[in-house]
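Data first, discussion second: the structure below is written as structure tokens.
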Amino acid sequence: MDHAVTSGTFSLDGETHQVDNNIWVLGDDTECVVIDAPHSVEDILAVVGERTVKAIVLTHAHDDHCRQAPALREAVNGGSGAPILLHPEDRPLWELTHGGAEDPDATLWDVDLADGQVLEVAGAQVRVIHTPGHAPGAVCLYVPDLGVLFTGDTLFNGGPGATGRSFSDRPTLEASIRASLFGLPEETVVHTGHGDDTTIGAEAAALGR
């Protein structure tokens, strides 16, 4: 897996903030999936390199995670594209950035994600875990063979992701984390959407199972 950091803005509920987002690319020397599409297509392509992108997998549809997804879709694989995958319960957030049914310029993602779905890349299986709370369609991506979990903004080094904005709910988020993530092995490395890595064990000890 490969990693970089890119910077830009996050906007919701009439507020805009500067944020640094992690870019995560999972795969081998030949093929990969891109996890989220933050801020800069060029920064993401620099991590991808010459590899075939099998999919652009979005952990959720806040604009700092999905804004560049359509442009990235058109840019990868020599212009032949790759599908965007998103949980359908995040449609309201996606539409804030990319337009809704009445917008003639609206664009959609390609494939719905579902809890328990298994994606495959470079011989590894990636299990989709629906973890609503930070966003209604938020998902985490667990790769058991590597002992890693990509959490987007569901779980950070230091605790659960932010709530208090539209489409978020703190009790739902904490329940998702306890029910769906804290049963994973404690040594599982958590790769987050922003900031440093952590482990399931460290966050379970801090939040309480």
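The values are calculated or read from the model by the stated rules, or taken from the named source; none is laboratory data. Values in this document were obtained by computation on a predicted structure and should not be read as measured data. Please note: Cβ atoms are built from the backbone with ideal geometry, for glycine as well, and neighbour counts cover all protein chains shown. Surface areas here come from the heavy atoms of the whole protein model, side chains and all, with no ligands, DNA or RNA. Shrake-Rupley method; radii C 1.70, N 1.55, O 1.52, S 1.80 Å.
Give me the dipole magnitude in Debye, nearest 20, for the chain about the Cα centre, with unit charges on the beta carbon: positive for Lys and Arg, negative for Asp and Glu.
Values: 10 positive and 33 negative charges, 88 e Å.
Once rounded to the nearest 20, the dipole reads 420 debye.
Which value does Rg/Rh take for the chain over its C-alpha atoms, Rh per Kirkwood? Kindly include the intermediate steps, with their values, before the conclusion.
On the way: Rg = 15.9 Å, Rh = 16.9 Å.
My calculation of the ratio gives 0.94.
Using a 1.4 angstrom probe on the protein heavy atoms only, could you order Glu187, Glu95 from most to least accessible area? Walk me through the numbers on the way to the answer.
Values: Glu187 135, Glu95 60 Å².
From most accessible down to least: Glu187, Glu95.
Would you mind telling me the share, in percent, of accessible area of the range 1-146 contributed by carbon and sulfur at probe 1.4 angstrom? Intermediate results must be reported in sequence, preceding the final value.
On the way: 2840 of 6190 Å².
Carbon and sulfur atoms account for 46 percent of the accessible area of the range 1-146.
Net charge around Ala101, counting only other residues with Cβ within less than 13 Å of its Cβ (Lys, Arg = +1; Asp, Glu = -1)? Write out the running numbers ahead of the final one.
Working: positive: Arg91; negative: Glu95, Glu102, Asp103, Asp105.
Result for the neighbourhood of Ala101: -3.
Name the long-range amide H neighbours of Thr52: under 5 Å, sequence gap of 5 or more, or other chain; modelled H, no Pro or chain starts.
Glu31, Cys32
With N denoting the number of residues in the range 22-133, provide Rg(C-alpha) divided by 2.2 N^0.38 Å, to two decimal places.
Values: Rg = 13.5 Å, N = 112, 2.2 N^0.38 = 13.2 Å.
In units of the globular-protein estimate, the range 22-133 measures up at 1.02.
Averaging sequence separations of C-alpha pairs under 8 Å and six or more residues apart, then dividing by the length of the chain, give the relative contact order as a whole percent. Provide the component values of the computation, followed by the final result.
Values: 488 pairs, mean separation 31.1, N = 209.
In percent, rounded to a whole number, it is 15.
Given a 1.4 angstrom probe, what's the average accessible area per residue across the range 1-128, in square angstrom? Numbers along the way, then the final one.
Values: 5760 Å² over 128 residues.
That works out to 45 Å² for each residue.
Determine the order of Leu45, Leu86 by accessible area, beginning with the largest, at a probe radius of 1.4 Å. Walk me through the numbers before you get to the answer.
Numbers: Leu45 60, Leu86 0 Å².
Result of the area sort, largest leading: Leu45, Leu86.
For the chain, what does -39500 (n - 2.57) per DSSP helix run (n ≥ 4), summed and divided by total residues, give at 222 nm, in deg cm²/dmol to the nearest 500?
Calculated at 222 nm, the ellipticity per residue is -5000 deg cm²/dmol.
HN-Hα J couplings of the range 75-84 from phi, Karplus 6.51/-1.76/1.60, θ = phi - 60°, integer Hz, Gly and Pro as x?
With the stated coefficients, the range 75-84 comes to 8, 7, 6, x, x, 7, x, 8, x, 9 Hz.
Any idea what the dipole of the range 66-184 comes to, in debye rounded to 20, about its Cα centre with Lys/Arg Cβ at +1 and Asp/Glu Cβ at -1? Walk me through the numbers before you get to the answer.
On the way: 7 positive and 15 negative charges, 85 e Å.
Dipole of the range 66-184, to the nearest 20 debye: 400 debye.
For a quick check: with amide H placed at 1.01 Å from N, whose amide H comes under 5 Å from Gln125's, ignoring anything fewer than 5 positions away on the same chain?
Excluding prolines and chain starts, which carry no amide H, the hits are Asp145.
Which ³J(HN,Hα) values, rounded to whole Hz and listed in residue order, are derived for the range 118-135 from phi using the Karplus coefficients 6.51, -1.76 and 1.60 in 6.51 cos²θ - 1.76 cosθ + 1.60 with θ = phi - 60°, glycine and proline given as x?
10, 9, 10, 8, 6, x, 9, 9, 10, 9, 8, 10, 6, 10, x, x, 5, 8
Can you give me the long-range amide H partners of Trp109? Hydrogens built in the peptide plane at 1.01 Å from N, cutoff under 5 Å, separation of 5 or more residues or another chain.
Residues meeting the amide H criterion: none.
Probe 1.4 Å, all protein chains in place: accessible area of Ser180 in Å², nearest 10?
Roll a 1.4 Å probe over it and Ser180 shows about 40 Å².
Return the distance in nm (one decimal) between the two label points of a simple spin-label model at Ala46 and His17, each offset 7 Å from Cα along Cα→Cβ.
Label-label distance for Ala46 and His17, simple model: 2.5 nm.
Per residue of the range 186-195, in order, report the coupling 6.51 cos²θ - 1.76 cosθ + 1.60 (Karplus, θ = phi - 60°) as ³J(HN,Hα) in whole Hz, putting x for Gly and Pro.
Once θ is set to phi - 60°, the couplings for the range 186-195 become 4, 7, 4, 7, 9, 9, 9, x, 9, x Hz.
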